[in-house]
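Enquirer: Before we start, here is the structure in question, set down as structure tokens.
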Ligand SMILES: Cc1cc2nc3c(=O)[nH]c(=O)nc-3n(C[C@H](O)[C@H](O)[C@H](O)COP(=O)(O)OP(=O)(O)OC[C@H]3O[C@@H](n4cnc5c(N)ncnc54)[C@H](O)[C@@H]3O)c2cc1C
């Protein structure tokens, strides 16, 4: 796609749950929608990594649903409800979106570097040098600091609102052990560990590995934000063993992943920020909290605002 005479409809930056929810709602309402994500697969922080040793959910380990609306949305996608009442995908958390993704126009590996208003509408500049324009409406659903960078040159008032949001980093560790650990499949945090999940303990996994994802607390990440990944992975394993009093067996696979913007510890307090005509809207989980359900609520609210063109002034 490039510059064309007629409007290309609605562009959504980000194919996490916020962007996918908005896209789903808008497409079902008959709108033309194009989703762009810089990543290789959709899902955002609801992430699953495929490794030579199998899959690891290195992002959200489960999705809690407080509202009936979110439960219904996840049920329609085919999410599996576990005994704890949370929602899961199989073979990985990202599988929750498989059905939805197949129905949407999603461009992966498409990093938006700038938004412009000089294209007879809104235009998107991409890392590969393309300008795609004009869009009638643009929804930005990146984590708050990244969204702010994108919108600041074209909507200073929106950027100023987002400035108030603070997001915390965390480190996650993907590890396979050679022997089973004497530990609950979903282990609540201890010490520097925020939580730890055995992949095989999730519903419908049929996974013979002793594979775990260990999420560390934000304070641990702040101390080692730019440290070497291999060194961080080793120190996470050590902290994990110490926290649960385990003598750890041999490690078959080990990798650390840094989430630069994992959760908002200071959310915005409303589901999105838009310009005067709701042509440029910015939202994400960070508007209302730090869970996927908040992203769902934000995506839904932005889609409804576009459909009704309610004016929310900043
Ligand atoms: C380790 C961890 C554990 C978690 N645990 C839970 C949990 O137990 N329960 C729960 O409900 N939630 C949990 N969460 C939070 C949950 O994952 C998020 O709330 C939710 O995934 C946020 O969705 P989103 O669409 O708002 O943002 P994201 O998922 O971050 O999606 C934003 C997308 O925008 C894309 N993007 C950013 N910038 C650009 C650009 N310039 N151009 C193109 N694309 C761009 C990104 O690639 C990304 O795919 C956890 C998160 C993490 C990291």
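Enquirer: Among the listed residues 299, 274, identify the single one that is in contact with a strand residue (DSSP E or B) (Cβ under 9 Å, 6 or more places away or on another chain), within 13 Å of the ligand (Cβ to nearest atom) and under 22 Å from residue 14 (Cα atoms).
Expert: Checking each option against the conditions leaves just 299.
Enquirer: Can you confirm whether residue 26 is more than 12 Å from the ligand (Cβ to nearest atom) and not in a loop (DSSP other than H, G, I, E, B)?
Expert: Yes; evaluated as a whole, the condition is true for this residue.
Enquirer: Select from the stretch 262-288 the residues that are over 26 Å from residue 124 (Cα atoms) and within 13 Å of the chain's Cα centre (by Cα) and write down the one among them that is surrounded by the most Cβ atoms within 10 Å (Cβ to Cβ).
Expert: In the first step, residues of the stretch 262-288 are kept if they are over 26 Å from residue 124 (Cα atoms); the result is 263-267, 269, 288.
Those still in the list that are within 13 Å of the chain's Cα centre (by Cα) too: 263-264.
Numbers: 263: 20, 264: 22.
Step by step, filter the stretch 262-288, then rank; the result is 264.
Enquirer: List the strands (runs of 3 or more DSSP E) inside the stretch 50-155, counting only whole elements, that have at least 3 residues being under 25 Å from residue 25 (Cβ atoms).
Expert: Passing ranges, in order: 122-126, 131-135, 137-140.
Enquirer: Those residues that are within 15 Å of the ligand (Cβ to nearest atom) and either in a helix (DSSP H, G or I) or surrounded by fewer than 24 Cβ atoms within 10 Å (Cβ to Cβ) (or both), I need them from the stretch 29-41; list them, please.
Expert: Result: 34, 36, 38, 39, 40, 41.
Since every read-out is calculated from the coordinates, none of them should be taken as a lab result. Worth saying up front: this structure is predicted, and the values here are computed from it rather than measured. Neighbour counts run over all protein chains shown; Cβ positions are idealised from the backbone, glycine included.
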